[in-house]
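To start, the structure itself, in structure tokens.
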Amino acid sequence: MPILYNDATKEFHLQTEKTSYILSILQNGQLGQLYYGKKLRHRESFERLFHIEEMPNTACTTEGDPVFSLDLIKQEYPAFGTTDFREPAYQVLQENGSRITDFIYKGHAIFKGKKKLDGLPATYAEEEAEATTLEITLFDEEIDVEICLSYTVFEQLNAIARSVKFTNHGSAEVNLTRALSASLDLPDSDFELVQLSGAWVRERHMKTRKLVPGLQSIASTRGTSSAQQNPFLALKRPETTEHHGDVYGVSLVYSGNFLAQVEVDHYDVSRLMIGINPFDFNWLLESGETFQTPEAVFVYSAEGLNGMSQTYHRLYRTRLARGKWRDRERPVLINNWEATYWDFEEKKIFELAQSSKELGVELFVLDDGWFGKRDDDTTSLGDWMEDKRKLPSGITQLAQNITDLGMEFGLWFEPEMVSKASDLYQAHPDWVLHVPNRRMSHGRNQLVLDFSRPEVVDHLYGLMAKVLNDAPISYVKWDMNRYMTEVGSLEWPADRQREVAHRYILGVYSLYERLTAEFPHVLFESCAGGGSRFDPGMLYYAPQGWTSDDTDAVERLKIQYGTSMVYPLSSMGAHVSAVPNHQVGRVTSLETRANTAYFGAFGYELDVTKMTDEEKEQVKQQILFYKENRKLIQQGQFYRIKSPFAKDGNETSWMVVSDDLEEALLGYYQVLARPNPGYNRIFFKGLNAEFEYAIEGVDDTFYGDELMEAGVQLNRCRKQAHPADFSSALFKLKRV
Ligand code: DGJ
């Protein structure tokens, strides 16, 4: 049993195959955190390992007891105001103005499987045996409010999913001014914090900093999880590398404003917390109401950052992503955006589809500009009907013509937005997020629809469902191109205005839920001006996301490497685009562009009709190669070998290995050529030491141990005779 409870010592021991998580009911009825890390043998009590002593200058909870202070105790879900001076996990504002609470243990339940989270995306168990859940109920008698802390142990996947539910049983209303998803007190602060930070076209760059006393945090206040910060952080030991050493990861299954922070206290305890950003948040909990937080997923790895990532990849690919497309090989697609932008008509689109079909492309995606009167970004969002000027036969006929070629057809939507110049806005000017009598800020000339209002979500469902019902569409790219401002809603009273940002995200989830349930054959790809909402919440509905608007092969090394900290390759849309690259002007070879994009959900985003015959032949071969290898790439075990975030950063390398270890594919990339470079070796990972492997294009075979321990001389396998800037090579290994 992966969750053990000892009634005599009041300790819970949560075990996965490789980890232990131990907590206890404290003498005051609150919950204490004892241990999280490498698996420990079970014993009656672990408390002896973690006793506390009287400390100077400390406030204590009980008269006559100079030792018991929450300031000294590692806790599970800490409160502020009763001897703990650090930032709390939650705060409940009561009718009398007080924020002091006393939530003590009331009971617990342990059961097989995992419950669904109401209205929120979350990891799940397909079979009851895959997961075990512990629910601990805490109760504050004074206000008659309950907190239920939920812990689901994925024993084999080595992850623990936590969330919290507040229920107001009392007659008075209370306000949750802070309701984080989880908190974890670690006994020391000898850690480096790893975060994924960036901006539009440079999303999820890895940043590492040493913990220092006080608060360090990342957060979003932009309405989406954002390109600036990803809802994830890791604490690693200074000596931890990609493949060795301790690391704790926490990832939030949420797509809105979040906070992830670490507070190092005066005794070097590190308190790690994650959840909905409490800044500008408040939730009114009336009598009888409940509030469910998003889920936080904890992973401890003793095998470095890469070990942590592999756990997230497996869990998120198989037990967060859902639906028909979860386990299917993803189609090679072509998207017309960078080929035409808004400037196209039916004939051009059909030609693009025809030419790409000849090259082996399986799915044609018609991007922005097919609806309303949209020739640029100033109009038509909200009017989800085809533009007959551009598409005289209509979207249904175009989709039919393209599917008649033997391809699938996909379509772009931006459901959450409206242009002022649109029929929708004319009919419902009050349907946007705004504050009466205040100016509305713009982003990309568009306004944000108020998805906290069920009628708005219903309306959008109707519009999208009609298009999806009428035309043979098997893919939807769901875009979202601006952050939120003046977050206010006419739907909600004054005391609920600070709920709007969260209610908006719940609205987005509910539309996704309805569409994915109604159109289960459709592959959804999430997008937010590239990767501004690339998070686990989206992955629950859309098994792949557009990683970044930056399609430059060199920039993509950092973006894809950083993204792979948490997200599986199957979730990362990666396209070959034209050169000079539209974002950075760089010219890279077609080979390097493909070698980079292969490590994701692969596609093209350029005008294939303008390619030379030689280039077309090359693309044909690339598509064949990807089709042969995509199961390995999308479902294999991923290893990061050389980091673009290393000091020099000139080289990047990564690889995937099939589950049976019979085949592997390694990508190697060098940004700038080096003069007279010497003998550079590449060390493979994750192979079977005993297996003998052949490397495609090399007249020799190698044992797994040789490839991993001795490595292979790079120049021996490089195809390019004259190394150049932005060069790359692939190594395909097969067991002989
Ligand atoms: C932003 C997306 O990231 C692009 O791929 C494209 O779909 C544009 N929006 C269209 O407006």
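The values are calculated or read from the model by the stated rules, or taken from the named source; none is laboratory data. If you're wondering where the values come from, they're calculated on a predicted model, not measured in any experiment. Quick reminder, even Gly has a Cβ in these numbers, built from the backbone with ideal geometry, and neighbours come from all protein chains shown. Ligands, DNA and RNA are excluded from the accessible area calculation, which covers all protein heavy atoms including side chains. Shrake-Rupley method; radii C 1.70, N 1.55, O 1.52, S 1.80 Å.
Could you check how many residues of the range 456-482 are within 25 Å of Arg444 (Cβ to Cβ) and hydroxyl-bearing (Ser, Thr, Tyr)?
2
Has the range 210-233 got at least one residue that is of a type in the set (Val, Ile, Thr) and within 20 Å of Asn306 (Cβ to Cβ)?
Checked against the condition, which is being of a type in the set (Val, Ile, Thr) and within 20 Å of Asn306 (Cβ to Cβ), the range 210-233 yields no hits at all.
Tell me, yes or no, whether the range 578-592 has at least one residue that is open to solvent by less than 40 Å² (accessible area, probe 1.4 Å) and among the acidic types (Asp, Glu).
No - not one qualifying residue is present in the range 578-592.
Within the range 230-238, does at least one residue satisfy the condition of being touching a Lys or Arg at 6+ places or on another chain (Cβ under 9 Å), over 25 Å from Thr485 (Cβ atoms) and either free of Cβ contacts under 8 Å to residues at least 12 places away in the same chain or among the β-branched types (Val, Ile, Thr) (or both)?
no
Kindly provide the set of residues from the range 240-269 that are without any contact (Cβ under 8 Å) to a residue 60 or more places away in the chain and in contact with a helix residue (DSSP H, G or I) (Cβ under 9 Å, 6 or more places away or on another chain), ordered by number.
Hit for the range 240-269 is Gly245, nothing else.
I'm checking my understanding of the structure. Among residues of the range 454-474 that are part of a helix (DSSP H, G or I) and buried (at least 20 other Cβ atoms within 10 Å of the Cβ), which one is farthest from the chain's Cα centre (by Cα)?
Once the filter is applied, the top-ranked residue is Val467.
Note down all Cβ pairs under 6 Å where the first residue falls in the range 31-42 and is aromatic (Phe, Trp, Tyr), the second is buried (at least 16 other Cβ atoms within 10 Å of the Cβ), and they're at least six residues apart or on different chains.
What qualifies is Tyr35/Ile22; Tyr36/Tyr21.
Within the range 489-508, does at least one residue satisfy the condition of being of a type outside the set (D, E, K, R) and under 18 Å from Arg204 (Cα atoms)?
No, the range 489-508 has no match at all.
Select the strands (runs of 3 or more DSSP E) contained entirely in the range 628-726, then report the ones holding at least 1 residues which are polar (S, T, N, Q).
637-642, 651-657, 663-670, 701-703
Quick one: Trp370 ticks every box in (1) away from the ligand (no atom under 16 Å from the Cβ); (2) touching a helix residue (DSSP H, G or I) at 6+ places or on another chain (Cβ under 9 Å) except a single one, so which number is it?
Failing condition for Trp370: (1).
Among the residues of the range 374-397, count how many are over 34 Å from the mean Cα position of the chain (by Cα) and open to solvent by 30 Å² or more (accessible area, probe 1.4 Å).
5
Looking at (1) assigned to a helix (DSSP H, G or I); (2) crowded, with 19+ Cβ neighbours inside 10 Å; (3) of a type in the set (A, V, I, L, M, F, W, C), which is the only condition Leu624 fails?
Going through the list (1) assigned to a helix (DSSP H, G or I); (2) crowded, with 19+ Cβ neighbours inside 10 Å; (3) of a type in the set (A, V, I, L, M, F, W, C), Leu624 breaks only (2).
Small (Gly, Ala, Ser) and either at pLDDT below 95 or within 21 Å of Thr137 (Cβ to Cβ) (or both): is that true of Gly64 in this structure?
Criteria met by Gly64.
For the range 365-401, how many residues meet the condition of being at negative phi and outside any helix (DSSP H, G or I)?
25
Does the range 43-65 include one or more residues that are within 24 Å of Tyr151 (Cα to Cα) and within 34 Å of the chain's Cα centre (by Cα)?
No; the residues of the range 43-65 include none that is within 24 Å of Tyr151 (Cα to Cα) and within 34 Å of the chain's Cα centre (by Cα).
Only residues that are in a loop (DSSP other than H, G, I, E, B) and away from the ligand (no atom under 13 Å from the Cβ): list them for the range 342-364, please.
Scanning the range 342-364 gives Glu345, Gly360, Val361, Glu362.
Only strands (runs of 3 or more DSSP E) wholly contained in the range 199-317 count here; list those with 1 or more residues that are surrounded by fewer than 18 Cβ atoms within 10 Å (Cβ to Cβ).
Once the strands (runs of 3 or more DSSP E) in the range 199-317 are filtered for at least 1 residues that are surrounded by fewer than 18 Cβ atoms within 10 Å (Cβ to Cβ), what remains is 202-210, 214-219, 290-292.
It is to be established whether one or more residues within the range 110-119 are touching a helix residue (DSSP H, G or I) at 6+ places or on another chain (Cβ under 6 Å), modelled with pLDDT of 95 or more and in a strand (DSSP E or B).
Yes: one or more hits.
For the range 645-688, how many residues meet the condition of being touching a residue at least 12 places away in the same chain (Cβ under 8 Å) and either open to solvent by less than 10 Å² (accessible area, probe 1.4 Å) or among the hydrophobic types (A, V, I, L, M, F, W, C) (or both)?
Of the residues in that region, 21 qualify.
Within the range 105-119, work out how many residues are surrounded by fewer than 16 Cβ atoms within 10 Å (Cβ to Cβ) and farther than 27 Å from Tyr509 by Cβ.
Of the residues in that region, 2 qualify.
Going through the range 511-533 one residue at a time, which ones are over 23 Å from Pro331 (Cβ atoms) and either open to solvent by less than 50 Å² (accessible area, probe 1.4 Å) or within 16 Å of the chain's Cα centre (by Cα) (or both)?
Scanning the range 511-533 gives Leu511, Gly529, Ser532.
Give the residue that is nearest to Pro580 (Cα to Cα), with candidates limited to residues of the range 326-341 that are away from the ligand (no atom under 11 Å from the Cβ), part of a loop (DSSP other than H, G, I, E, B) and open to solvent by less than 40 Å² (accessible area, probe 1.4 Å).
Val332
Testing Arg41 on (1) modelled with pLDDT under 95; (2) part of a loop (DSSP other than H, G, I, E, B); (3) basic (Lys, Arg), one condition comes back false. Which one is that?
It is condition (1) that Arg41 fails.
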